[in-house]
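This report concerns only the one structure given below.
The values are calculated or read from the model by the stated rules, or taken from the named source; none is laboratory data. Quick caveat, the model's predicted, so the values are computed rather than measured. Backbone-built Cβ (ideal geometry, glycine too); neighbour counts: all protein chains shown. We work out accessible area using only protein heavy atoms, side chains counted, and drop any ligands, DNA or RNA first. Shrake-Rupley method; radii C 1.70, N 1.55, O 1.52, S 1.80 Å.
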Amino acid sequence: MNDDVSQNLVVFRIKGLPEPMLASGPTQAEDAVEQAWAIVRQQHKVRGSAVLAVYSEWQPSAADQKFMAKNFRKAECTYSFARPAPGDWERAFADARTVMAQKEESTEEILPILWSASSPRAGLLEALPYQPLVPGKLSVALAVVSRTPEGKIGMQHITRHEQEQMGAPLEKLLDVGFGCLARGLKFEVRSSGEEVLVSLARENKLAASALALPDLHARLSPHLGTGDLIVGLPCPDELHVAREGSRPAEIIREQVLASRYETTELVPSVLRLSSGGLELLAERSGSPNG
């Protein structure tokens, strides 16, 4: 990750080249990605049609998104930090520096965890403080999550007793969890003509928990518009979104219902997300081996 927040690091994966190409542009510039591409194109004499993927540390501006759609038609795009409103850059830079420092200091964090009412483990939810997302069908609780020395993800659910010891209301703990989760999210945008698929990923996993973010619909609207969206959760570590009625939405549904994920707290699910909330549309039935 680039330590200088005033410069937006952009990474291009190019067909035929063994290593990704790196360049940067001023973070606040509307054409930061275009400037970075000009450097790479001049140095390596490559064409836009050869670009397979683009990673921009900061979310590309609307102008850069149009530039990429025109010049990198087959490329996937991901980013780490959301682009703020024009007057909010200083706060965004401060938040980014905090994220970078936290990554250096510790990997332990409080994160939201999704619980399906149809999960075989759902009975355990009664011992935890939780908030319904789809009443009677899907809820969100919290856990302390860290990476083990073996590189695996360790999880300790926060119980009602532990919440009482913390002396914090559930709403406050959820705000902490949402903040930790949002800082680690990356948005991967794939487009083909008018069809758009957005996938959320996270280095420390549990990207599906982003479903619980209060502003998720607003975060997705720059890519997918303001209408109803279809969200697929094939496992706790993946979240895929497309416009309702689109071909990518059909594919999301098919892949979720055929998921091979072994059910734990979450059952693979398909939901409708609108500005007014969530609706559970379908869950995978039976076990993945059934």
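Only protein heavy atoms count here; on that basis, with a 1.4 Å probe, Cys180 has an accessible area of about 20 Å². With a Cα cut-off of under 16 Å and a minimum spacing of 8 residues unless on different chains, the lysine pairs in the chain number 7. Between Gly177, Gly25, Gly225, the residue with the greatest mean-square fluctuation in the GNM of the chain (Cα pairs under 10 Å linked by springs) is Gly225.
Counted by Cβ distance under 13 Å from Val40, the other residues give a net charge of +2, where Lys and Arg count +1 and Asp and Glu count -1. If a paramagnetic tag sat 7 Å from the Cα of Met155 along the Cα-Cβ line, which residues of the range 211-255 would have the backbone N under 12 Å from that point? Residues passing the 12 Å test: 235-238. The H on the amide N of Asn8, modeled in the peptide plane, is under 5 Å from the matching H of Gly25, Thr27, each at least 5 residues off or on a different chain.
Using C-alpha pairs below 8 Å separated by at least 6 residues, the relative contact order for the range 184-290 is 23 percent. Compute the acute angle (0 to 90°) between the alpha-carbon long axis of helix 247-257 and the principal axis of greatest extent of the alpha-carbon atoms of the chain; round to the nearest 10°. Rounded to the nearest ten degrees, it is 40. Near the amide H of Ala117, within less than 5 Å, lie the amide hydrogens of Leu138, Ser139, all on another chain or at least 5 residues away, with H placed in the peptide plane. Label separation (Gln43 vs Ser118): 5.1 nm, computed from points 7 Å beyond Cα along the C-beta direction. Ranking Ser192, Ser274, Ser6 by solvent-accessible area of protein heavy atoms (1.4 Å probe, all protein chains present), from largest to smallest, gives Ser192, Ser6, Ser274.
Rounded to the nearest 20, the Cβ-based charge dipole of the chain about its Cα centre (Lys and Arg +1, Asp and Glu -1) stands at 960 debye. Relative contact order of the chain, taken over Cα pairs closer than 8 Å and 6 or more residues apart, is 13 percent.
Classification of the chain by its C-alpha gyration tensor yields a prolate form. The axis ratio a/c (a ≥ b ≥ c) is 1.5 or more, and a/b outweighs b/c. Net charge dipole, the range 107-263: roughly 140 debye, given to the nearest 20, about the Cα centre with Cβ charges of +1 for Lys and Arg and -1 for Asp and Glu. Summing +1 for each Lys or Arg and -1 for each Asp or Glu among the other residues whose beta-carbon sits under 14 angstrom from that of Asp64 gives -1. When you count the other C-beta atoms within 10 angstrom of each residue and take the mean per peptide, 80-88, 198-206 line up highest first as 198-206, 80-88.
Rolling a 1.4 Å probe over the protein chains gives Asp175 an accessible area of about 100 Å².
Name the shape class, rounded, prolate or oblate, that the alpha-carbon gyration tensor gives for the range 172-290, where a ≥ b ≥ c are the square roots of its eigenvalues, rounded holds for a/c under 1.5, and otherwise prolate holds if a/b is larger than b/c and oblate otherwise. Oblate is the answer for the range 172-290, as a/c is 1.5 or above yet b/c matches or exceeds a/b. Take every DSSP beta bridge whose two residues both sit in the chain; close to 90 percent of them are antiparallel. Exposure check, 1.4 Å probe, all protein chains in place: Lys137 carries approximately 100 Å² of accessible surface. Putting +1 on Lys and Arg Cβ atoms and -1 on Asp and Glu Cβ atoms, find which of Leu280, Pro268, Ala249 reaches farthest to the positive end of the dipole of the range 247-290. Among Leu280, Pro268, Ala249, the one farthest towards the positive end of the dipole of the range 247-290 is Ala249.
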